[in-house]
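Worksheet for the structure shown next.
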Amino acid sequence: MKRTEAKSIAEIIGDFMQQEDIEDAVLEQKALRLWQQVVGPGVNRMTTERYVENGVITVKISSAALRNDLMLSRTAIITQLNQLVGKPVIKEIVFR
């Protein structure tokens with residue numbers, strides 16, 4: 001049996017995620033968890049539902065005025081989320 005160089009657990013998990021094509025789904029969920037950090041606790045309290053599917057985060061906002069404000073800063077929020085996860089996995093945010 002041929003020996004190879006040892007890999008760290010992080011490298012093994014990363015290789016597995018790429019091989020099974022689940023890396024983007026995991027990063028999408030990470031971006032969803034980072035939502036509060038990006039928009040702040042005040043805005044986060046006004047969101048009643050959040051989910052992500054195929055790179056699109058859907059957020060239900062209880063205030064129409066806040067929804068309009070967030071629509072104006074949608075691009076900046078997407079950019080910050082993608083920077084925090086390290087890969088452009090979020091393509092769009094839908095506010096309801």
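The values are calculated or read from the model by the stated rules, or taken from the named source; none is laboratory data. This is a predicted model, so every value here is computed, not measured. For neighbour counting, all protein chains shown are included, and Cβ atoms are generated from backbone atoms with ideal geometry for every residue, glycine included. Note: accessible area is taken over every heavy atom of the protein model, side chains too, but ligands, DNA and RNA are not part of it. Shrake-Rupley method; radii C 1.70, N 1.55, O 1.52, S 1.80 Å.
Only one of the numbered conditions (1) outside any helix (DSSP H, G or I); (2) in contact with a strand residue (DSSP E or B) (Cβ under 9 Å, 6 or more places away or on another chain) is violated by Lys87, and that is (2).
Against the conditions (1) assigned to a helix (DSSP H, G or I); (2) touching a residue at least 24 places away in the same chain (Cβ under 8 Å); (3) touching a strand residue (DSSP E or B) at 6+ places or on another chain (Cβ under 8 Å); (4) open to solvent by 50 Å² or more (accessible area, probe 1.4 Å), Asp24 satisfies every one except (3). Residues in segment 1-21 that are aliphatic (A, V, I, L, M) and either closer than 23 Å to Met71 by Cβ or open to solvent by 60 Å² or more (accessible area, probe 1.4 Å) (or both): Met1, Ala6, Ile9, Ala10, Ile12, Ile13. Here is a check on your reading of the model: is Thr47 of a type in the set (Ser, Thr, Tyr) and farther than 30 Å from Gly14 by Cα? Spelling it out, Thr47 is indeed of a type in the set (Ser, Thr, Tyr) and farther than 30 Å from Gly14 by Cα.
Within segment 34-57, residues that are at negative phi and open to solvent by less than 30 Å² (accessible area, probe 1.4 Å) reach partners that are of a type in the set (Asp, Glu) and part of a strand (DSSP E or B) with beta carbons closer than 9 Å, at six or more positions or on different chains, in the pairs Ile57/Glu92. In this structure, Leu84 qualifies as at negative phi, touching a residue at least 40 places away in the same chain (Cβ under 8 Å) and either open to solvent by 70 Å² or more (accessible area, probe 1.4 Å) or among the hydroxyl-bearing types (Ser, Thr, Tyr) (or both).
Would you confirm, using the coordinates I've provided, whether Asn82 is polar (S, T, N, Q), closer than 22 Å to Ile13 by Cα and in contact with a helix residue (DSSP H, G or I) (Cβ under 8 Å, 6 or more places away or on another chain)? Here the answer is yes, as Asn82 does meet what is asked.
So if I check each of Arg74, Arg67, Arg96, which one is of a type in the set (Lys, Arg), open to solvent by 40 Å² or more (accessible area, probe 1.4 Å), over 21 Å from Ala10 (Cβ atoms) and touching a helix residue (DSSP H, G or I) at 6+ places or on another chain (Cβ under 9 Å)? First the steps, then the outcome.
Values: Arg74 fails: touching a helix residue (DSSP H, G or I) at 6+ places or on another chain (Cβ under 9 Å); Arg67 fails: touching a helix residue (DSSP H, G or I) at 6+ places or on another chain (Cβ under 9 Å).
Just a single option satisfies the conditions, and that option is Arg96.
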